[in-house]
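The values are calculated or read from the model by the stated rules, or taken from the named source; none is laboratory data. Values in this document were obtained by computation on a predicted structure and should not be read as measured data. FYI the Cβ positions are ideal-geometry reconstructions off the backbone, even for glycines, and counts take in every protein chain you see. Please note that ligands, DNA and RNA were not included when accessible areas were found on the heavy atoms of the full protein model with its side chains. Shrake-Rupley method; radii C 1.70, N 1.55, O 1.52, S 1.80 Å.
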Amino acid sequence: GGEGGGGGGGPLFRGHASMLGAMRRVVGALFLSAEPQFSRFYEARMRQRRAGAGTGQSGGSRLAGGGGALGCASCYHIFGVDLIADRGGEFRVIEVNVQPDLTLSQSGCAAAAASAAPASTDTGAAGDGCWGGSFSYDHAKRAAAYNAVSVVYADRSAAATLARLLTPLAGRGVAFPRLLAPGGGLAADALSYLLEAVREGVAAGCFLPVYPSGRARSEHAAHWRRLAAAATTKWGCGGEGGCGGFDFERRRQMDALLHLVLHGEARGGRPAERWRPSYRRRCEAMLAAALPSGSDAAAGAAASPWHFGGGGGGGGGGGGGGSGPPGEWAWARREYLFQTVYDVED
(Lines give C-alpha, C1' and ligand atoms only; values in the text may rest on other atoms or scores of the structure.)
Protein backbone atom coordinates (compact mmCIF):
# COMPACT_ATOMS: atom_id res chain seq x y z
CA GLY A 1 0.00 0.00 0.00
CA GLY A 2 2.98 2.37 -0.03
CA GLU A 3 3.07 5.28 2.38
CA GLY A 4 -0.20 6.87 1.31
CA GLY A 5 -2.64 7.89 3.99
CA GLY A 6 -6.07 9.38 3.69
CA GLY A 7 -5.33 11.58 0.71
CA GLY A 8 -7.13 9.43 -1.83
CA GLY A 9 -3.95 8.37 -3.59
CA GLY A 10 -4.43 5.94 -6.45
CA PRO A 11 -1.97 3.49 -8.03
CA LEU A 12 0.20 6.29 -9.42
CA PHE A 13 0.55 7.86 -6.00
CA ARG A 14 1.30 4.50 -4.41
CA GLY A 15 4.18 4.11 -6.85
CA HIS A 16 5.49 7.52 -5.93
CA ALA A 17 5.08 6.73 -2.23
CA SER A 18 7.18 3.59 -2.62
CA MET A 19 9.89 5.62 -4.33
CA LEU A 20 9.69 8.25 -1.61
CA GLY A 21 10.13 5.57 1.05
CA ALA A 22 13.25 4.25 -0.66
CA MET A 23 14.67 7.76 -0.88
CA ARG A 24 13.97 8.40 2.80
CA ARG A 25 15.73 5.20 3.82
CA VAL A 26 18.97 5.93 1.99
CA VAL A 27 19.11 9.62 2.96
CA GLY A 28 18.37 8.73 6.58
CA ALA A 29 21.17 6.15 6.70
CA LEU A 30 23.55 8.63 5.07
CA PHE A 31 23.04 11.39 7.61
CA LEU A 32 22.91 9.12 10.64
CA SER A 33 26.28 7.71 9.54
CA ALA A 34 27.69 11.22 9.25
CA GLU A 35 26.28 12.45 12.57
CA PRO A 36 29.49 11.90 14.60
CA GLN A 37 31.33 14.19 12.18
CA PHE A 38 28.49 16.71 12.21
CA SER A 39 28.52 16.65 16.00
CA ARG A 40 32.19 17.55 16.17
CA PHE A 41 31.81 20.25 13.50
CA TYR A 42 28.86 21.98 15.13
CA GLU A 43 30.28 21.64 18.62
CA ALA A 44 33.39 23.52 17.45
CA ARG A 45 31.18 26.24 15.96
CA MET A 46 29.18 26.47 19.18
CA ARG A 47 32.38 26.92 21.21
CA GLN A 48 33.37 29.77 18.89
CA ARG A 49 29.90 31.29 19.24
CA ARG A 50 29.97 31.11 23.02
CA ALA A 51 33.48 32.54 23.15
CA GLY A 52 32.45 35.41 20.88
CA ALA A 53 29.36 36.14 22.94
CA GLY A 54 31.32 36.31 26.18
CA THR A 55 28.83 35.14 28.78
CA GLY A 56 26.39 33.27 26.59
CA GLN A 57 24.74 32.81 23.26
CA SER A 58 23.25 35.55 21.15
CA GLY A 59 19.65 36.54 21.75
CA GLY A 60 16.90 34.44 20.25
CA SER A 61 19.04 31.33 19.76
CA ARG A 62 17.71 27.96 20.81
CA LEU A 63 21.15 26.33 20.92
CA ALA A 64 21.27 23.78 23.70
CA GLY A 65 23.95 23.75 26.31
CA GLY A 66 26.31 20.85 26.74
CA GLY A 67 27.88 19.09 23.81
CA GLY A 68 28.31 15.72 22.18
CA ALA A 69 25.58 14.25 20.04
CA LEU A 70 22.70 16.29 21.45
CA GLY A 71 24.33 19.67 21.92
CA CYS A 72 23.08 21.25 18.72
CA ALA A 73 19.41 20.40 18.58
CA SER A 74 18.58 23.46 16.51
CA CYS A 75 21.55 23.81 14.19
CA TYR A 76 20.46 24.01 10.57
CA HIS A 77 22.28 23.30 7.33
CA ILE A 78 20.89 22.79 3.83
CA PHE A 79 22.44 19.89 1.93
CA GLY A 80 21.76 18.74 -1.59
CA VAL A 81 21.83 14.96 -2.01
CA ASP A 82 22.04 13.53 -5.53
CA LEU A 83 20.57 10.04 -5.84
CA ILE A 84 20.34 7.46 -8.61
CA ALA A 85 18.10 4.39 -8.66
CA ASP A 86 19.49 0.95 -9.44
CA ARG A 87 17.60 -1.75 -11.30
CA GLY A 88 16.20 -3.11 -8.06
CA GLY A 89 14.53 0.20 -7.24
CA GLU A 90 16.95 1.09 -4.46
CA PHE A 91 18.64 4.47 -4.42
CA ARG A 92 22.37 5.12 -4.27
CA VAL A 93 24.06 8.33 -3.21
CA ILE A 94 26.06 9.97 -5.98
CA GLU A 95 27.24 13.04 -4.11
CA VAL A 96 26.34 15.43 -1.32
CA ASN A 97 26.52 19.17 -1.91
CA VAL A 98 27.26 21.05 1.30
CA GLN A 99 26.37 24.38 -0.32
CA PRO A 100 23.71 23.58 -2.91
CA ASP A 101 23.05 26.24 -5.51
CA LEU A 102 19.72 27.92 -4.84
CA THR A 103 19.94 30.16 -7.91
CA LEU A 104 16.71 30.25 -9.89
CA SER A 105 17.02 28.84 -13.40
CA GLN A 106 14.90 31.69 -14.76
CA SER A 107 16.88 34.47 -13.04
CA GLY A 108 18.10 35.79 -16.39
CA CYS A 109 14.54 36.39 -17.53
CA ALA A 110 14.28 39.74 -15.74
CA ALA A 111 16.77 41.28 -18.15
CA ALA A 112 15.53 39.28 -21.11
CA ALA A 113 11.95 40.39 -20.53
CA ALA A 114 12.92 43.89 -21.61
CA SER A 115 13.46 42.67 -25.17
CA ALA A 116 11.10 39.72 -25.49
CA ALA A 117 7.95 38.45 -23.87
CA PRO A 118 8.59 35.44 -21.63
CA ALA A 119 7.30 32.14 -22.90
CA SER A 120 4.33 30.65 -21.09
CA THR A 121 5.60 27.09 -21.29
CA ASP A 122 7.46 25.52 -18.40
CA THR A 123 10.78 25.19 -20.23
CA GLY A 124 10.47 27.93 -22.83
CA ALA A 125 12.82 30.85 -23.40
CA ALA A 126 12.65 34.59 -23.07
CA GLY A 127 15.19 36.52 -25.10
CA ASP A 128 18.65 34.99 -24.81
CA GLY A 129 18.80 34.39 -21.07
CA CYS A 130 16.34 31.63 -20.25
CA TRP A 131 16.83 28.64 -22.51
CA GLY A 132 16.60 25.47 -20.46
CA GLY A 133 15.07 27.13 -17.42
CA SER A 134 12.15 25.54 -15.65
CA PHE A 135 9.39 27.31 -13.77
CA SER A 136 8.54 24.13 -11.86
CA TYR A 137 12.19 23.84 -10.81
CA ASP A 138 12.22 27.45 -9.64
CA HIS A 139 8.91 27.09 -7.82
CA ALA A 140 10.26 24.08 -5.95
CA LYS A 141 13.27 26.14 -4.86
CA ARG A 142 11.10 29.05 -3.78
CA ALA A 143 8.85 26.75 -1.79
CA ALA A 144 11.81 24.99 -0.15
CA ALA A 145 13.44 28.32 0.78
CA TYR A 146 10.23 29.71 2.26
CA ASN A 147 9.55 26.46 4.12
CA ALA A 148 13.11 26.32 5.49
CA VAL A 149 12.92 29.86 6.85
CA SER A 150 9.51 29.18 8.38
CA VAL A 151 10.85 26.07 10.17
CA VAL A 152 13.98 27.75 11.50
CA TYR A 153 12.20 30.86 12.75
CA ALA A 154 8.81 29.42 13.68
CA ASP A 155 8.02 30.82 17.10
CA ARG A 156 5.84 28.00 18.35
CA SER A 157 5.79 26.79 21.90
CA ALA A 158 6.19 23.02 22.13
CA ALA A 159 6.63 22.67 25.90
CA ALA A 160 3.01 21.82 26.70
CA THR A 161 2.85 19.22 23.91
CA LEU A 162 6.12 17.62 25.02
CA ALA A 163 4.96 17.51 28.65
CA ARG A 164 1.77 15.76 27.53
CA LEU A 165 3.77 13.21 25.51
CA LEU A 166 6.16 12.53 28.39
CA THR A 167 3.50 12.12 31.08
CA PRO A 168 2.56 8.50 30.17
CA LEU A 169 6.27 7.61 30.23
CA ALA A 170 6.83 8.56 33.88
CA GLY A 171 9.07 5.99 35.53
CA ARG A 172 10.54 4.78 32.24
CA GLY A 173 13.77 6.76 32.69
CA VAL A 174 15.59 3.70 34.02
CA ALA A 175 15.62 2.40 30.44
CA PHE A 176 17.67 5.44 29.39
CA PRO A 177 20.32 5.84 32.11
CA ARG A 178 22.73 7.79 29.91
CA LEU A 179 20.11 10.50 29.37
CA LEU A 180 19.43 11.19 33.06
CA ALA A 181 20.76 14.21 34.94
CA PRO A 182 22.78 13.57 38.15
CA GLY A 183 19.90 14.78 40.30
CA GLY A 184 17.28 12.77 38.43
CA GLY A 185 15.08 13.51 35.48
CA LEU A 186 16.16 13.95 31.89
CA ALA A 187 19.34 15.88 31.21
CA ALA A 188 18.89 19.39 29.83
CA ASP A 189 20.33 18.56 26.41
CA ALA A 190 18.04 15.53 26.06
CA LEU A 191 14.99 17.66 26.90
CA SER A 192 16.13 20.33 24.45
CA TYR A 193 16.53 17.69 21.74
CA LEU A 194 12.99 16.40 22.32
CA LEU A 195 11.57 19.92 22.51
CA GLU A 196 13.12 20.90 19.19
CA ALA A 197 11.89 17.69 17.55
CA VAL A 198 8.31 18.47 18.62
CA ARG A 199 8.57 22.11 17.53
CA GLU A 200 9.96 21.11 14.12
CA GLY A 201 7.30 18.44 13.71
CA VAL A 202 4.53 21.01 14.08
CA ALA A 203 6.29 23.65 11.94
CA ALA A 204 7.50 21.28 9.19
CA GLY A 205 5.05 22.50 6.56
CA CYS A 206 5.61 20.60 3.31
CA PHE A 207 8.87 19.06 4.52
CA LEU A 208 8.66 15.34 5.26
CA PRO A 209 11.09 14.31 8.02
CA VAL A 210 13.65 11.71 7.06
CA TYR A 211 14.53 11.32 10.75
CA PRO A 212 12.85 10.62 13.07
CA SER A 213 10.43 8.41 11.20
CA GLY A 214 7.92 6.05 12.74
CA ARG A 215 8.06 3.83 9.67
CA ALA A 216 11.85 3.56 9.73
CA ARG A 217 12.40 3.43 13.50
CA SER A 218 13.58 -0.20 13.52
CA GLU A 219 15.97 0.53 10.63
CA HIS A 220 17.35 3.56 12.48
CA ALA A 221 17.84 1.57 15.69
CA ALA A 222 19.63 -1.19 13.79
CA HIS A 223 21.78 1.39 12.02
CA TRP A 224 22.92 2.89 15.34
CA ARG A 225 23.84 -0.59 16.58
CA ARG A 226 25.88 -1.19 13.43
CA LEU A 227 27.65 2.14 13.80
CA ALA A 228 28.51 1.44 17.44
CA ALA A 229 29.75 -2.05 16.55
CA ALA A 230 31.89 -0.67 13.72
CA ALA A 231 33.39 1.96 16.01
CA THR A 232 34.21 -0.69 18.59
CA THR A 233 35.76 -3.02 16.01
CA LYS A 234 37.73 -0.42 14.05
CA TRP A 235 38.68 2.10 16.72
CA GLY A 236 37.86 0.39 20.00
CA CYS A 237 35.68 3.30 21.12
CA GLY A 238 32.08 2.42 20.37
CA GLY A 239 31.23 1.60 23.96
CA GLU A 240 30.70 3.71 27.02
CA GLY A 241 33.72 5.94 26.51
CA GLY A 242 32.58 7.19 23.14
CA CYS A 243 34.61 8.10 20.07
CA GLY A 244 36.23 11.50 19.90
CA GLY A 245 33.53 13.00 22.10
CA PHE A 246 30.66 11.14 20.42
CA ASP A 247 28.93 8.73 22.79
CA PHE A 248 27.32 6.06 20.60
CA GLU A 249 25.43 4.40 23.44
CA ARG A 250 23.98 7.68 24.65
CA ARG A 251 22.95 8.54 21.10
CA ARG A 252 21.32 5.12 20.70
CA GLN A 253 19.31 5.71 23.88
CA MET A 254 18.27 9.12 22.58
CA ASP A 255 17.09 7.51 19.36
CA ALA A 256 14.97 5.01 21.31
CA LEU A 257 13.47 7.69 23.58
CA LEU A 258 12.79 10.04 20.67
CA HIS A 259 10.78 7.44 18.78
CA LEU A 260 8.99 6.33 21.94
CA VAL A 261 7.88 9.89 22.69
CA LEU A 262 6.91 10.84 19.13
CA HIS A 263 5.61 7.54 17.77
CA GLY A 264 4.63 5.41 20.78
CA GLU A 265 5.55 1.79 21.46
CA ALA A 266 7.16 -0.08 18.60
CA ARG A 267 4.91 -3.14 18.64
CA GLY A 268 1.60 -3.76 20.32
CA GLY A 269 2.02 -1.14 23.01
CA ARG A 270 0.80 2.38 23.59
CA PRO A 271 0.30 4.22 20.29
CA ALA A 272 1.52 7.76 20.04
CA GLU A 273 -0.87 10.63 20.57
CA ARG A 274 -1.85 12.46 17.38
CA TRP A 275 0.17 15.42 18.53
CA ARG A 276 0.55 17.19 15.21
CA PRO A 277 -1.57 17.79 12.12
CA SER A 278 -1.39 15.35 9.22
CA TYR A 279 1.14 15.98 6.49
CA ARG A 280 -1.56 17.24 4.16
CA ARG A 281 -2.97 19.71 6.69
CA ARG A 282 0.37 21.19 7.68
CA CYS A 283 1.58 21.42 4.06
CA GLU A 284 -1.59 23.20 2.94
CA ALA A 285 -1.39 25.49 5.98
CA MET A 286 2.15 26.48 4.98
CA LEU A 287 1.01 27.25 1.44
CA ALA A 288 -1.90 29.34 2.69
CA ALA A 289 0.33 31.26 5.10
CA ALA A 290 2.90 31.93 2.40
CA LEU A 291 0.55 33.62 -0.02
CA PRO A 292 0.51 37.42 0.38
CA SER A 293 -2.73 39.26 -0.11
CA GLY A 294 -3.83 42.75 -1.05
CA SER A 295 -1.17 45.46 -0.96
CA ASP A 296 1.43 43.04 0.38
CA ALA A 297 1.10 40.93 -2.76
CA ALA A 298 1.38 43.97 -5.04
CA ALA A 299 4.40 45.27 -3.16
CA GLY A 300 6.10 41.88 -3.28
CA ALA A 301 5.48 41.59 -7.01
CA ALA A 302 6.87 45.06 -7.68
CA ALA A 303 9.97 44.41 -5.58
CA SER A 304 10.78 41.04 -7.11
CA PRO A 305 13.43 41.13 -9.85
CA TRP A 306 12.04 37.88 -11.24
CA HIS A 307 8.35 38.67 -11.16
CA PHE A 308 6.45 38.48 -14.45
CA GLY A 309 2.91 39.72 -14.26
CA GLY A 310 0.28 38.25 -16.51
CA GLY A 311 -0.77 40.06 -19.69
CA GLY A 312 0.46 43.37 -21.00
CA GLY A 313 3.09 44.20 -23.54
CA GLY A 314 6.81 43.91 -23.05
CA GLY A 315 9.03 46.90 -22.37
CA GLY A 316 12.06 48.01 -24.28
CA GLY A 317 11.85 46.02 -27.47
CA GLY A 318 8.14 45.61 -26.88
CA GLY A 319 7.07 42.03 -26.83
CA GLY A 320 3.44 41.28 -27.49
CA GLY A 321 0.76 40.56 -24.96
CA GLY A 322 0.08 37.20 -23.43
CA SER A 323 -0.22 35.71 -19.98
CA GLY A 324 3.50 35.31 -19.31
CA PRO A 325 4.95 32.77 -16.87
CA PRO A 326 3.75 32.57 -13.28
CA GLY A 327 4.95 35.21 -10.85
CA GLU A 328 6.94 34.93 -7.66
CA TRP A 329 4.10 33.49 -5.57
CA ALA A 330 2.74 31.09 -8.18
CA TRP A 331 4.05 28.16 -6.16
CA ALA A 332 1.94 29.25 -3.17
CA ARG A 333 -1.06 29.73 -5.47
CA ARG A 334 -0.46 26.11 -6.50
CA GLU A 335 -0.36 26.87 -10.21
CA TYR A 336 2.40 24.35 -11.00
CA LEU A 337 3.24 22.52 -7.78
CA PHE A 338 1.08 21.27 -4.91
CA GLN A 339 -2.05 21.08 -7.04
CA THR A 340 -2.86 17.93 -5.09
CA VAL A 341 -1.34 17.24 -1.66
CA TYR A 342 -1.59 13.67 -0.40
CA ASP A 343 -1.21 12.50 3.15
CA VAL A 344 2.12 10.76 3.68
CA GLU A 345 2.37 9.24 7.11
CA ASP A 346 5.55 9.47 9.14
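Things to note:
- Enumeration of residues in region 151-189 that are open to solvent by 60 Å² or more (accessible area, probe 1.4 Å), part of a helix (DSSP H, G or I) and either under 16 Å from Tyr76 (Cα atoms) or touching a Cys at 6+ places or on another chain (Cβ under 8 Å) (or both): Tyr153
- Qualifying residue in region 44-55 (condition: open to solvent by less than 30 Å² (accessible area, probe 1.4 Å), modelled with pLDDT of 60 or more and more than 26 Å from Ser218 (Cα to Cα)): yes
- Filtered by the rule that a residue be under 13 Å from Arg252 (Cβ atoms) and either part of a loop (DSSP other than H, G, I, E, B) or among the hydroxyl-bearing types (Ser, Thr, Tyr) (or both), region 224-238 gives Thr232, Gly238.
- Residues satisfying the stated conditions in region 120-150, i.e. assigned to a loop (DSSP other than H, G, I, E, B) and modelled with pLDDT of 75 or more: Ser134
- Qualifying residue in region 265-283 (condition: buried (at least 19 other Cβ atoms within 10 Å of the Cβ), under 18 Å from Ala140 (Cβ atoms), modelled with pLDDT of 85 or more and of a type in the set (A, V, I, L, M, F, W, C)): yes
- Lone qualifier among Ser192, Ser218, Ser213 - being surrounded by 13 or more Cβ atoms within 10 Å (Cβ to Cβ), in a helix (DSSP H, G or I), modelled with pLDDT of 85 or more and hydroxyl-bearing (Ser, Thr, Tyr): Ser192
- Within region 230-242, considering residues that are touching a helix residue (DSSP H, G or I) at 6+ places or on another chain (Cβ under 9 Å) and surrounded by fewer than 16 Cβ atoms within 10 Å (Cβ to Cβ), the one modelled with the lowest pLDDT: Gly239
- For region 64-82, the count of residues that are exposed (fewer than 15 other Cβ atoms within 10 Å of the Cβ), modelled with pLDDT under 75 and in a loop (DSSP other than H, G, I, E, B) is at least one.
- Apart from one condition, Leu208 fits all of (1) modelled with pLDDT under 90; (2) within 16 Å of Arg252 (Cβ to Cβ); the exception is (2).
- Taken as a whole, the condition of being of a type in the set (A, V, I, L, M, F, W, C), closer than 19 Å to Asp255 by Cα and in contact with a Pro (Cβ under 8 Å, 6 or more places away or on another chain) does not apply to Ala175.
- Top-ranked residue in region 8-36 [being crowded, with 16+ Cβ neighbours inside 10 Å and at pLDDT below 50; ranked as nearest to Arg92 (Cα to Cα)]: Phe13
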